[in-house]
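*Asks:* Sharing a structure here in structure tokens format.
The values are calculated or read from the model by the stated rules, or taken from the named source; none is laboratory data. Worth saying up front: this structure is predicted, and the values here are computed from it rather than measured. FYI the Cβ positions are ideal-geometry reconstructions off the backbone, even for glycines, and counts take in every protein chain you see. We work out accessible area using only protein heavy atoms, side chains counted, and drop any ligands, DNA or RNA first. Shrake-Rupley method; radii C 1.70, N 1.55, O 1.52, S 1.80 Å.
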Amino acid sequence: MSNGNNIFITSHNQMGGITAHTVNFGPAARSMNSQLGDQLKQVVPFAAKVKVVAVLGDGEAFGFANQILAWMKTNGYSNVDGVDQAVYSSPVIGQNVNKLSEKEYEIIIGARQ
């Protein structure tokens, strides 16, 4: 609860320490890491044309998709495009790699699982 410039936070069942000024709710945002990078290297050839897409309206998915795009560009993928946003007829959950042809792939980033 806020009162002018003062912020009052109450915590229940806290075991020591002090209550932080900033409290984050919900799961942490996904982030690109070396384990995910190794998985991408196994699935998507370096010579492939790759398009990175995030579901429209999901800021967390869009941010994660941008991390993937940046990682690919700095790790040997020279033909990478995105990040596009799209609307799908059914919910898209997690990370999906679609092989469109022998040399073309699409990475779709959906909502968190």
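*Asks:* Multiply the residue gap between Glu102 and Ala29 by 0.36 nm, knock off their C-alpha separation, and tell me the result in nm, one decimal place.
*Replies:* That works out to 23.1 nm of additional length.
*Asks:* Taking a ≥ b ≥ c as the square roots of the eigenvalues of the Cα gyration tensor of segment 35-113, is the shape rounded (a/c under 1.5), prolate (a/b larger than b/c) or oblate?
*Replies:* Note, shape of segment 35-113 comes out prolate.
*Asks:* Taking a probe of 1.4 angstrom, what is the accessible area of Lys73 in Å², to the nearest 10?
*Replies:* Spelled out: Lys73, probe radius 1.4 Å, area about 120 Å².
*Asks:* Arrange the residues Asp84, Asp38, Asp58 by how much accessible surface each exposes, largest first, with a 1.4 angstrom probe.
*Replies:* In descending accessible area the options line up as Asp38, Asp84, Asp58.
*Asks:* So, in nm, how far is label Leu56 from label Gln113 when the simple model puts each one 7 Å beyond its Cα toward the Cβ?
*Replies:* 2.7 nm
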